[in-house]
1. I'd like the residue in the stretch 1-15 that is assigned to a strand (DSSP E or B) and of a type outside the set (Ser, Thr, Tyr) and, out of all such residues, is nearest to the chain's Cα centre (by Cα).
2. Out of curiosity, is residue 55 open to solvent by 20 Å² or more (accessible area, probe 1.4 Å), touching a Leu at 6+ places or on another chain (Cβ under 9 Å) and either part of a loop (DSSP other than H, G, I, E, B) or not aliphatic (A, V, I, L, M) (or both)?
3. Those residues that are surrounded by 11 or more Cβ atoms within 10 Å (Cβ to Cβ) and farther than 13 Å from residue 67 by Cα, I need them from the stretch 20-34; list them, please.
Amino acid sequence: LRGETARLTLEARGPCGDFLNGYQVTANVVAPQGGTQTVTLRQTAPGRYEAEFQPSEQGVYLFRFSGQGESGVFAETLGWALPYSPE
């Protein structure tokens, strides 16, 4: 989180540890109150995909990453917590 923008970074590797390159990667973002948005990640380095989004509220977010490329498909679900302001 930087300011009001959060950066998603996905390191994509195959079962043997090789980088997954050239994939079309998206993330479905589910906000704490249930709102959703879809973010498209772009490849920025070997096996690395990134995107930014603006979290709308404090609490726990769920991310469902999915990718499709020449070597197949992948999917992964992760969570992230945006804490309340320390003020």
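The values are calculated or read from the model by the stated rules, or taken from the named source; none is laboratory data. None of these values were measured; they are calculated from a predicted model. Here the Cβ is made from the backbone with ideal geometry for all residues, glycine too, and neighbour counts use every protein chain on show. What goes into the accessible areas is simple: the full protein's heavy atoms, side chains included, and nothing from ligands, DNA or RNA. Shrake-Rupley method; radii C 1.70, N 1.55, O 1.52, S 1.80 Å.
1. The first filter runs over the stretch 1-15 and keeps only residues assigned to a strand (DSSP E or B), leaving 2, 5-11, 13.
Filter once more, keeping what is of a type outside the set (Ser, Thr, Tyr): 2, 6-8, 10-11, 13.
Details: 2: 15, 6: 10, 7: 8, 8: 4, 10: 6, 11: 10, 13: 15 Å.
Out of the qualifying residues, it is 8.
2. Numbers: open to solvent by 20 Å² or more (accessible area, probe 1.4 Å): yes; touching a Leu at 6+ places or on another chain (Cβ under 9 Å): yes; either part of a loop (DSSP other than H, G, I, E, B) or not aliphatic (A, V, I, L, M) (or both): yes.
Spelling it out, residue 55 is indeed open to solvent by 20 Å² or more (accessible area, probe 1.4 Å), touching a Leu at 6+ places or on another chain (Cβ under 9 Å) and either part of a loop (DSSP other than H, G, I, E, B) or not aliphatic (A, V, I, L, M) (or both).
3. Those that are surrounded by 11 or more Cβ atoms within 10 Å (Cβ to Cβ) and farther than 13 Å from residue 67 by Cα: 29, 30, 31, 32.
For every residue, the table says whether it meets (1) assigned to a strand (DSSP E or B); (2) under 15 Å from the mean Cα position of the chain (by Cα); (3) hydrophobic (A, V, I, L, M, F, W, C).
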site: 17; (1), (2), (3): no, no, no
site: 25; (1), (2), (3): yes, yes, yes
site: 37; (1), (2), (3): yes, yes, no
site: 65; (1), (2), (3): yes, yes, yes
site: 75; (1), (2), (3): yes, yes, yes
